[in-house]
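Engineer: Take a look at the following structure, please.
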Amino acid sequence: MPLTGANLQHIKAAYSVRRVPKSAMHTLLMGDLCPRSGDLVLAEIVRLGHHRRIELGNGRRAHLYPGDRVILCYGNRYAPDQFEAYVPEHLEPCQMVAAGGIAARQHSKHSAVKDATEILPLGLLGDDRGRPLNLADWAIPAKKADTCPLTLAVLGTAMNAGKTTTAAHLIRGLSRAGLKVGAAKITGTGAGGDVWLMQDHGADPVLDFTDAGFASTFRLPPETLERIAATLCGHLVEAGVEVLVLEIADGLLQGETAALVTSTWFRQQVDGVLFAAADALGAKAGVEMVRQQKLPLVAVSGALTASPLASAEATLAVSCPVLDKDALTSETVLEILGFAKTLRLRTA
């Protein structure tokens, strides 16, 4: 079925599909089709659930109503605090499982959240030859940096441990020190909140896995995760950044996170690891795992630092600095982390 600009003009296009211009959407493909992760889909909102808004490409969270038509992309989701969801085998009723515009079939959910918003896929969006449009078609080109600036990675115990906040505060401190900071979210599910937060704290540019052509990194093989990481870092290095800050989604026990942080690429690229946790026991267990993997741990932070008591517990439990917002946003954060000399040597 042919599409025109008028057909799509007032349709809300999600953050996850922001790299694909509406001018490339020429056809609506219907019938017995098997969606792939990253395929763009035109869908109708049937019933509102957990997500009552959709994040647009510019970051605005637009209200949704039953009957609204939206442009999403298919993708798997792993979110212990929200949904476990998978790309369906057919164009069948399913759900919008992330505010950034991910279509999938809900498999399980956290008991504290509502069911996902129900959608009716109307068809895959295609090009002028009737071929399905996929995020991979608009990915930034693969790139590998010849030399690497100082690279700091933020890992954590799980979703909502405070990883993004830790990364953002670190970026703020590095920026206050006069450094050009680039940031990347290497793994996760397509949504822009973390990207916007890191931008707001001073990182420029900021990239995520959707820029590399993936709606989600759940269920991707290790070699693909490494390729995503290398590509994002390569583009940041090309932009002339002096420090890289990387966020790795979820926790150390999540499959893709575990694969990436134990990879050759991660060991060769990352100079220091900050570990985010929600409580002292999580910090202690996480620090032990990081050290077992012989990763370069430099500090603990995260949600636990909102509590002086939790911070005190963690300080007794781990033999590394426990850094709160004030420490991370300080213009002396490199000295606090022990990297001031390293940076001077690399930029000399």
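The values are calculated or read from the model by the stated rules, or taken from the named source; none is laboratory data. Worth saying up front: this structure is predicted, and the values here are computed from it rather than measured. Because the Cβ atoms are built from the backbone with ideal geometry, glycine has one as well, and the counts that use them run over all protein chains shown.
Engineer: For segment 174-271, which helices (runs of 4 or more DSSP H) that fit wholly inside it have 3 or more residues that are under 26 Å from Asp326 (Cβ atoms) and out of contact with any helix residue (DSSP H, G or I) (no Cβ under 8 Å at 6 or more places or on another chain)?
Structural biologist: 193-200
Engineer: If we scan segment 230-237, do we find a residue that is surrounded by fewer than 16 Cβ atoms within 10 Å (Cβ to Cβ) and either modelled with pLDDT of 95 or more or more than 17 Å from the chain's Cα centre (by Cα) (or both)?
Structural biologist: no
Engineer: Any chance segment 208-229 includes a residue that's surrounded by fewer than 24 Cβ atoms within 10 Å (Cβ to Cβ), farther than 26 Å from Tyr78 by Cα and either of a type in the set (Gly, Ala, Ser) or touching a Pro at 6+ places or on another chain (Cβ under 6 Å) (or both)?
Structural biologist: no
Engineer: Would you confirm, using the coordinates I've provided, whether Leu316 is part of a helix (DSSP H, G or I) and in contact (Cβ under 8 Å) with a residue 40 or more places away in the chain?
Structural biologist: Answer is no for this residue.
Engineer: Right, next: Which numbered condition trips up Ala145, out of (1) buried (at least 18 other Cβ atoms within 10 Å of the Cβ); (2) more than 24 Å from Ser16 (Cα to Cα); (3) not assigned by TED's automatic domain parsing to the domain that holds Val300?
Structural biologist: The one condition Ala145 does not meet is (1).
Engineer: Out of the residues in segment 148-167 that are of a type in the set (A, V, I, L, M) and over 22 Å from Gly202 (Cα atoms), state the one that is surrounded by the most Cβ atoms within 10 Å (Cβ to Cβ).
Structural biologist: Checking each candidate, the answer is Ala158.
Engineer: Condition check: of a type in the set (Phe, Trp, Tyr) and buried (at least 24 other Cβ atoms within 10 Å of the Cβ). Does Phe275 satisfy that?
Structural biologist: Judged against the criteria, Phe275 is a match.
Engineer: Within segment 272-289, can one find any residue that is aromatic (Phe, Trp, Tyr) and assigned to a helix (DSSP H, G or I)?
Structural biologist: Among the residues of segment 272-289, not one is aromatic (Phe, Trp, Tyr) and assigned to a helix (DSSP H, G or I), which makes the answer no.
Engineer: Being in a loop (DSSP other than H, G, I, E, B) and not basic (Lys, Arg) narrows it down to one residue among Leu334, Leu295, Leu309; which is it?
Structural biologist: Just a single option satisfies the conditions, and that option is Leu295.
Engineer: For the list (1) under 13 Å from Asp39 (Cβ atoms); (2) within 18 Å of the chain's Cα centre (by Cα); (3) assigned to a loop (DSSP other than H, G, I, E, B), I need the number of the one condition that Gly100 fails.
Structural biologist: For Gly100, the failing item is (1).
Engineer: Output the qualifying pairs, or none if there are none: Cβ atoms under 9 angstrom, residues six or more apart or on different chains, first residue in segment 23-34 and farther than 8 Å from Leu124 by Cα, second residue of a type in the set (S, T, N, Q) and assigned to a loop (DSSP other than H, G, I, E, B).
Structural biologist: So the pair list comes out as His26/Thr4.
Engineer: Output the residue which, of all residues in segment 256-275 that are in contact (Cβ under 8 Å) with a residue 60 or more places away in the chain and within 16 Å of the chain's Cα centre (by Cα), is nearest to Gly338 (Cα to Cα).
Structural biologist: My answer is Val261.
Engineer: I would also like to ask the following. Only one of these is on the phi < 0 side of the Ramachandran plot, buried (at least 24 other Cβ atoms within 10 Å of the Cβ) and assigned by TED's automatic domain parsing to the domain that holds Ala239: Leu170, Leu124, Leu179. Name it.
Structural biologist: Leu170
Engineer: Taking Leu252 as the residue in question, decide whether it is assigned by TED's automatic domain parsing to the domain that holds Leu297, aliphatic (A, V, I, L, M) and crowded, with 24+ Cβ neighbours inside 10 Å.
Structural biologist: Criteria not met by Leu252.
Engineer: Could you identify the single residue in Arg77, Arg53, Arg105 that is closer than 24 Å to Ala249 by Cα and in contact with a Cys (Cβ under 7 Å, 6 or more places away or on another chain)?
Structural biologist: After ruling out the rest, the residue left standing is Arg105.
Engineer: May I pose another question? Restricting the search to segment 14-42, which residues are modelled with pLDDT under 95 and polar (S, T, N, Q)?
Structural biologist: Scanning segment 14-42 gives a single hit, Ser23.
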